[in-house]
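Read-outs: derived from the displayed coordinates by stated rules, not from any lab. Just so it is clear, the model here is predicted, and its values are computed rather than measured. Here the Cβ is made from the backbone with ideal geometry for all residues, glycine too, and neighbour counts use every protein chain on show.
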Amino acid sequence: MAGTATMERPADAKAAPVDQDVLIVGAGISGIGMAVHLQQYSPDRSFTLVERRADLGGTWDLFRYPGIRSDSDMHTLGFVFEPWKHEKTIADGPAILEYLNRIVDERHIRERIRLGRKVVGADWDSNAARWTVTLEDDKGGTTTTTARWLYLGAGYYDYDEPFDANFTGREDFKGQIIHPQFWPKDLDYSGKQVVVIGSGATAVTIVPAMTDPKNGQEAAHVTMLQRTPTWYFIRPAKDAFANFLRKILPEEVAYKITRFKNVKLQDIGFRRAREKPEKVREFLTKKLRAALGDRYDEQAFTPPYNPWEQRLCLVPDADFFEAMKKDKASVVTDHIERFDAGGIQLKSGKHLDADIIVTATGLRLAVAGKIPVRVDGDLVDWSEHYYYKACMFSNVPNFSAVFGYLNASWTLRADIVAEYVCRVLNHMKTTGTNVATPALVDPATLTEENIFDFSSGYIQRSLHIMPKNADKLPWRLSQNYVQDRIDMRTGAIDDNVLTFGNARAASATAPAELEAAE
């Protein structure tokens, strides 16, 4: 990329020059967060962000279905460095995009973002101690750029292909079939019968939104068709405590206090669900009964698993249940026999009439943004590598990625990963090195553990492609933010695992694990 080259420091004399020190892939929450952290903690490092889409925002630019909103409070989904200033703490997509756009403009990051650039290859050369990244534009043309460090903030799901449940007879349906990931811009659902298949956060967002005339139109009725019930957690969209603090304290102070409170409450709630699941089941069921009154259906709202064995589904202001009480929405628990011309035939013998069917059946996970990554010519098979410090990978040099928490907000991990990578970069500057590799010589010394102790379908379907997780640090992707924050901020960088070197010297410790996997 012309105009981004930097002068090499004496410590990098053995390494080939690069276009930027850090190449950030993705201009969503993870990528923007890394850019700001570099400005704050490693200001001597040049960086560029590349984004495949025509605008920044990642998830919040991709998804356009009615009611799109956060499923975490914005005091934790917001960045540690930028207070959330809106009254609503459960925010809609446009408000989150406004937040991200304000950050990149106020910090002059926008001029470092290259939009419409899809990464189609990344190759590490130990002789040059750099990545060569191949980019494709929207017309199919390719260019290359080089970087010392590659930081993936590309998210965790496939932007091109959502999970397809392959419903029998879908070609017979005479209405419209829509997946939330590809919502039509001008869909007319006014006065229509709509069936939303699924019971997760997307379905529970879409159902009340399509019944609310405030969104510009109103469906005649929306039915949520679920195979398995979900645990719901009801909370106000506005955080009264946060808004009170904002009136009496400086914005930054109020934000920090609220963020601390929300992190602690979430951590306590998750731990209690794991330690005393029956108590949490009783608590959530009591709240559901109160919200639904005589509309409460035990079959529809009693999952066959304990809370937090899958992610809790947030229902702000009980909007989903309010739509049910107004007869604008309903829940059916059944299995699909097939689609037919007029809707969905269920295995129970019932039929759901539909003009529109929304298949909110889940996402398809993707590792490393589906980018072919090679180290000295060898293609990296991520399922043969272990996580290191929840962001790097065994025997892959100068590479990091963000995979957020399942039991907390995505941004909590993005913040501490970005800060940690800056610590690594600063250590390299201090030691005069330009290569950092989490060295794992003998994988047999580790005991592999299920990477995600969650039963969610989208997780279980993708375990075979995910990096490995050990039963002990540093070779694991932990789900404990409170402890991770301490470890990432205060743990030794030079821990006798993360090895440092210069150019070819860094590859002297042969990546035995990678060779064995080929």
Which of the residue pairs K261/K429; K88/K185; K88/K328; K85/K279; K287/K328 have a Cα-Cα distance greater than 29 Å in the structure shown? K261/K429; K85/K279
The chain, helix-only ellipticity at 222 nm - DSSP H runs n ≥ 4, -39,500 (n - 2.57), divided by all residues, nearest 500: -8500 deg cm²/dmol
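Sort 166-175, 120-129, 249-258 for me by packing, meaning the mean count of neighbouring Cβ atoms within 10 Å per residue, highest on top. If you can, show how the numbers build up before the last one.
Working: 166-175: 13.5, 120-129: 18.8, 249-258: 16.3.
Output ranking for 166-175, 120-129, 249-258: 120-129, 249-258, 166-175.
Where does each of 297-309, 143-155 land if you order them by average Cβ count within 10 Å, highest first?
Details: 297-309: 16.0, 143-155: 22.8.
Answer by packing, highest mean first, reads 143-155, 297-309.
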Would you pull out the residues with amide H under 5 Å of R476's amide H, same chain only if 5 or more places away, H placed 1.01 Å from N? K389, A390, A470
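Kirkwood-based Rg over Rh for the chain (C-alpha set), two decimals? If you can, show how the numbers build up before the last one.
Values: Rg = 24.0 Å, Rh = 24.5 Å.
For the chain, the value is 0.98.
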Suppose we keep just the DSSP beta bridges with both residues in the chain; what percent of those would be antiparallel, to 5? 45
For K389, list the lysines whose Cα falls under 18 Å from its own Cα; do not include residues on the same chain fewer than 8 positions away. K468, K472
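In whole angstrom, how long is each semi-axis of the equivalent ellipsoid of the range 176-241, when you take the square root of 5 times every eigenvalue of its Cα gyration tensor and sort them from largest down? Kindly include the intermediate steps, with their values, before the conclusion.
Details: eigenvalues 95, 57, 25 Å².
Over the Cα atoms of the range 176-241, the semi-axes work out to 22, 17, 11 Å.
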By the mean-Cβ-within-10 Å protection proxy, highest first, 72-79, 92-99 rank as 72-79, 92-99
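Percent of Cα-Cα pairs more than 16 Å apart in the range 241-362, please.
Details: 5496 of 7381 pairs.
Looking at the range 241-362, the distances longer than 16 Å represent 74 percent of pairs.
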